[in-house]
Amino acid sequence: MKPSDGRESIYEFGAFRLNAGQLMLYRDGNEIALRPKAVETLVALVERNGEIVTKDDLMQIIWPDAIVEESNLSRYIHILRLALGKQPNGKPYIETYRRRGFRFSSEVRIPGTPGVALAPARGYPPSPRG
């Protein structure tokens, strides 16, 4: 999954830098070794920051031309949670909303564009399952 406009999309959150075009994730400048599909899952969530994204939508984004088990998605969400840890406020970066989907819930910055951030949306239920 590469950005459609041909540019490298870079996102920053917490100590992380996500290069969506290269499917690379860095923490404090050090590469975190993840499978491409795990990073695609993260990109899909980060680009929809603050939105609850259903499992079906994620599967369609990550595996558009394939039929895969839902367990693949669950495995990548688990791997991402382990890699990301918790935010400084103690909340997970990826929240689970039972029977609804997942939400990325950190402020996301776009480097080189002062004041531009993909801030988490407000108004969702306050007590998700992490």
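Listing for the model above:
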| quantity | calculated |
| --- | --- |
| For the range 33-40, Karplus couplings with θ = phi - 60° (6.51, -1.76, 1.60), whole Hz, Gly/Pro x | 6, 9, 5, x, 5, 5, 5, 4 |
| Note, ³J(HN,Hα) from phi for the range 53-70, Karplus 6.51, -1.76, 1.60, rounded to Hz, x at Gly and Pro | 10, 6, 4, 4, 5, 4, 5, 5, 6, 7, 10, x, 10, 9, 9, 10, 6, 4 |
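Every number in this text was worked out from the coordinates using simple rules, so none of it is lab data. The structure presented is a predicted model; accordingly, all values stated were derived computationally and were not measured.
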